[in-house]
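Step one of this worksheet: look at the structure below.
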Amino acid sequence: MTTGTTGSDALTQMVRSALDRQDMTYQALAALCVDPETSEHVGQTWLHKLVKGNVTRAPEARVLRALAVGLGLPLPQVQRAAAAQWLEYTSAELSELPEDMRAIIGHLEGMQPEDLSRARAVIEALSSRLNESSPDAS
């Protein structure tokens, strides 16, 4: 398998998982993968090459944006997968957090600023309520 200079295939796995989980064809996924900035599509041939391990260069930014749309994932998540696969870059900031907390943070990454402020308010209200009901709070 040729996936760049690393043994990682994070982006490949992301696409493969979407194809398996949704019982989707390459053609159907390619139709969903449209760059919101340029309106360019990712071709089904390129997706097939990626899944088979035959993409040797990191995808361009427009391809990553299109993949994020087609996969229904936040762009930073797709960018991190590509960075892990081609640049030997992995983010360690969240690696020691529990899986459910990383999932929550992953959802927050794709939110608009106005939605982030609402999410923060919900978390702060929950935290405040938990602190008030704690036996140590008296």
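Observations on the model:
- Against the conditions (1) surrounded by 13 or more Cβ atoms within 10 Å (Cβ to Cβ); (2) modelled with pLDDT of 90 or more; (3) touching a helix residue (DSSP H, G or I) at 6+ places or on another chain (Cβ under 6 Å), Glu109 satisfies every one except (2).
- Filter pass, Glu114 being surrounded by fewer than 17 Cβ atoms within 10 Å (Cβ to Cβ), assigned to a loop (DSSP other than H, G, I, E, B) and at pLDDT below 90: no
- Checklist (1) surrounded by 18 or more Cβ atoms within 10 Å (Cβ to Cβ); (2) within 14 Å of the chain's Cα centre (by Cα) applied to Leu75, failing item: (1)
- Checked against (1) modelled with pLDDT of 80 or more; (2) among the polar types (S, T, N, Q); (3) surrounded by fewer than 12 Cβ atoms within 10 Å (Cβ to Cβ), Ser91 passes all but a single condition, namely (1).
The values are calculated or read from the model by the stated rules, or taken from the named source; none is laboratory data. Computed from a predicted structure; not experimentally measured. All Cβ positions, glycine included, derive from the backbone under ideal geometry; neighbour counts span all protein chains shown.
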